[in-house]
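The values are calculated or read from the model by the stated rules, or taken from the named source; none is laboratory data. The structure presented is a predicted model; accordingly, all values stated were derived computationally and were not measured. As a convention, Cβ positions derive from the backbone with ideal geometry for all residues, glycine included, and neighbour counts pool all protein chains shown. Remember, those area values only see protein heavy atoms, side chains included, never the ligands or the DNA or RNA. Shrake-Rupley method; radii C 1.70, N 1.55, O 1.52, S 1.80 Å.
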Amino acid sequence: MVRTATAERTVGAAGGFESVRERQAVPRTQEPSDLVSTLLYVVDEGSGFLAGQTLNVSGGSAFL
């Protein structure tokens with residue numbers, strides 16, 4: 001779960017960030033800036049052969 005204004009008002013207000021953080025391999029709350037390097041990789045010209053992939057930027061959490 002990314003810390004955004006909407007998340008802070010909704011699930012974050014009820015302890016949601018802590019709940020997610022407890023189940024992640026990387027024990028911290030994801031910030032919007034954590035997505036930047038992944039987005040830069042996807043839009044880079046050198047990634048032109050990347051097709052049909054799912055890149056999970058989730059801190060190691062899995063929701064089943």
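In segment 1-18, what residues are among the aliphatic types (A, V, I, L, M) and either outside any helix (DSSP H, G or I) or in contact with a Phe, Trp or Tyr (Cβ under 6 Å, 6 or more places away or on another chain) (or both)? Spell out the reasoning first.
Filtering segment 1-18 for residues among the aliphatic types (A, V, I, L, M) gives 1-2, 5, 7, 11, 13-14.
Answer for segment 1-18, where residues must be among the aliphatic types (A, V, I, L, M) and either outside any helix (DSSP H, G or I) or in contact with a Phe, Trp or Tyr (Cβ under 6 Å, 6 or more places away or on another chain) (or both): M1, V2.
Starting from segment 1-16, take each residue that is under 17 Å from G59 (Cβ atoms) and list its partners that are polar (S, T, N, Q) and open to solvent by 60 Å² or more (accessible area, probe 1.4 Å), counting only C-beta distances under 8 angstrom and pairs at least six apart or across chains.
Between residues of segment 1-16 that are under 17 Å from G59 (Cβ atoms) and residues that are polar (S, T, N, Q) and open to solvent by 60 Å² or more (accessible area, probe 1.4 Å), the close pairs are G16/T10.
Hey, any hits in segment 36-56 for a residue that's in contact (Cβ under 8 Å) with a residue 24 or more places away in the chain and within 15 Å of the chain's Cα centre (by Cα)?
So far as segment 36-56 goes, no, none of its residues is in contact (Cβ under 8 Å) with a residue 24 or more places away in the chain and within 15 Å of the chain's Cα centre (by Cα).
Out of segment 16-35, which residues are over 10 Å from the mean Cα position of the chain (by Cα) and of a type in the set (S, T, N, Q)?
Passing the criteria: S19, Q24.
Out of all the residues in segment 19-43, which are outside any helix (DSSP H, G or I) and hydroxyl-bearing (S, T, Y)?
Answer for segment 19-43, where residues must be outside any helix (DSSP H, G or I) and hydroxyl-bearing (S, T, Y): just T29.
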